[in-house]
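Chemist: Shown below is the structure under consideration.
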Amino acid sequence: MTMGSRPVSHLDDSCRCACRQDLGAYRIGRRGLLLGASATVLALRPSLVRAASGDYQAMVLACIDPRLQEPVQKYLAGRGLIGEFSQFTIAGAAIAAVAPAFASWHETFWDNLAVSIKLHHIKSVIAIDHRDCAAVRIAYGDASIATAEVETETHRKAMGEFRNEVGRRQPTLKVETLLMALDGSVATFG
């Protein structure tokens, strides 16, 4: 559209067409646009509302092994925990928090757990160790995983120590200790 010799856009204030008037009624400033977008995101992702409030159900302690990323997420989704937990990922999971071979890592985990309690108001810690974990071999030697039974007992002892340590340091937390197979199946200890 042109007025005289100069072109007129729909954003030009000199334009008097119906579309300019209609759009003018719906003009939203940057702040309004951001607030509207934020409200839409929060409506679509209720977990972000919980995140903003700082309330989570648990901290999940899991191993760095990439083979377990998907099975752990599926397990947590099956429990309805997506968007309900903070996480700490370290080689060996619970083993890393208690095994003498990883002593220099211990306080990092325990300090992080304390911060998660303070910031996220978690009610439990869920430790998910897994079978065929190289960190177990590093921590306790090849004999610790010689057979499935020995491997299970190695995890059972380490997780018992982990539960005791959580109880000593954070007595109000509920503790779950799980051993996950590579297929995602889970055994509960304790």
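Chemist: For region 91-143, name all the residues that are under 22 Å from LEU173 (Cβ atoms) and either in a loop (DSSP other than H, G, I, E, B) or not assigned by TED's automatic domain parsing to the domain that holds PRO71 (or both).
Modeler: Scanning region 91-143 gives GLY92, ALA93, ALA99, HIS121, ILE122, LYS123.
Chemist: Looking only at region 169-190, which residues are in a strand (DSSP E or B) and touching a Pro at 6+ places or on another chain (Cβ under 8 Å)? Break it down stepwise before answering.
Modeler: Here is the first cut: in region 169-190, the ones in a strand (DSSP E or B) are 174-180, 186-189.
Within region 169-190, MET180 is the sole residue that qualifies.
Chemist: Any idea which residue in region 143-190 is nearest to LEU76 (Cα to Cα), counting only those that are at pLDDT 95 or above, touching a helix residue (DSSP H, G or I) at 6+ places or on another chain (Cβ under 8 Å) and hydroxyl-bearing (Ser, Thr, Tyr)?
Modeler: THR177
Chemist: Tally up the residues in region 146-190 that are closer than 17 Å to ALA134 by Cβ, under 24 Å from the mean Cα position of the chain (by Cα) and not aliphatic (A, V, I, L, M), please.
Modeler: 1
Chemist: Another question, then. Residues being touching a helix residue (DSSP H, G or I) at 6+ places or on another chain (Cβ under 7 Å) and either closer than 16 Å to ALA91 by Cβ or surrounded by 18 or more Cβ atoms within 10 Å (Cβ to Cβ) (or both): count how many of those fall in region 102-125. Reasoning before the result, please.
Modeler: Taking region 102-125 first, the residues touching a helix residue (DSSP H, G or I) at 6+ places or on another chain (Cβ under 7 Å) are 102, 105-106, 109-110, 122, 125.
Of the ones still in play, those that are also either closer than 16 Å to ALA91 by Cβ or surrounded by 18 or more Cβ atoms within 10 Å (Cβ to Cβ) (or both) are 102, 105-106, 109, 122, 125.
Counting residues in region 102-125 that are touching a helix residue (DSSP H, G or I) at 6+ places or on another chain (Cβ under 7 Å) and either closer than 16 Å to ALA91 by Cβ or surrounded by 18 or more Cβ atoms within 10 Å (Cβ to Cβ) (or both) gives 6.
Chemist: Just a yes or no: is a residue in region 126-133 closer than 15 Å to GLY184 by Cα and surrounded by fewer than 16 Cβ atoms within 10 Å (Cβ to Cβ)?
Modeler: Here is the first cut: in region 126-133, the ones closer than 15 Å to GLY184 by Cα are 127-133.
Applying the additional criterion that residues be surrounded by fewer than 16 Cβ atoms within 10 Å (Cβ to Cβ) yields 132.
For region 126-133, residues closer than 15 Å to GLY184 by Cα and surrounded by fewer than 16 Cβ atoms within 10 Å (Cβ to Cβ): present.
Chemist: Quick one: is ALA99 touching an Asp or Glu at 6+ places or on another chain (Cβ under 9 Å), surrounded by 19 or more Cβ atoms within 10 Å (Cβ to Cβ) and closer than 11 Å to ILE126 by Cβ? Working first, answer last.
Modeler: Working: touching an Asp or Glu at 6+ places or on another chain (Cβ under 9 Å): yes; surrounded by 19 or more Cβ atoms within 10 Å (Cβ to Cβ): yes; closer than 11 Å to ILE126 by Cβ: no.
Taking the combined requirement at face value, the residue does not satisfy it.
Chemist: Hey, could you check region 139-167 for residues that are surrounded by 17 or more Cβ atoms within 10 Å (Cβ to Cβ) and aliphatic (A, V, I, L, M) and say which is farthest from ALA96 (Cα to Cα)?
Modeler: Here is the first cut: in region 139-167, the ones surrounded by 17 or more Cβ atoms within 10 Å (Cβ to Cβ) are 139-140, 144-145, 151, 154-155, 158-159, 162-163, 165-166.
Within this subset, residues satisfying the condition of being aliphatic (A, V, I, L, M) are 139, 145, 158-159, 166.
Values: ALA139: 8, ILE145: 16, ALA158: 9, MET159: 11, VAL166: 13 Å.
Only one residue fits best here, namely ILE145.
The values are calculated or read from the model by the stated rules, or taken from the named source; none is laboratory data. The model shown is predicted, which means the values in this text are computed figures rather than measured ones. Every residue, glycine among them, receives a Cβ derived from its backbone with ideal geometry; neighbour counts consider all protein chains shown.
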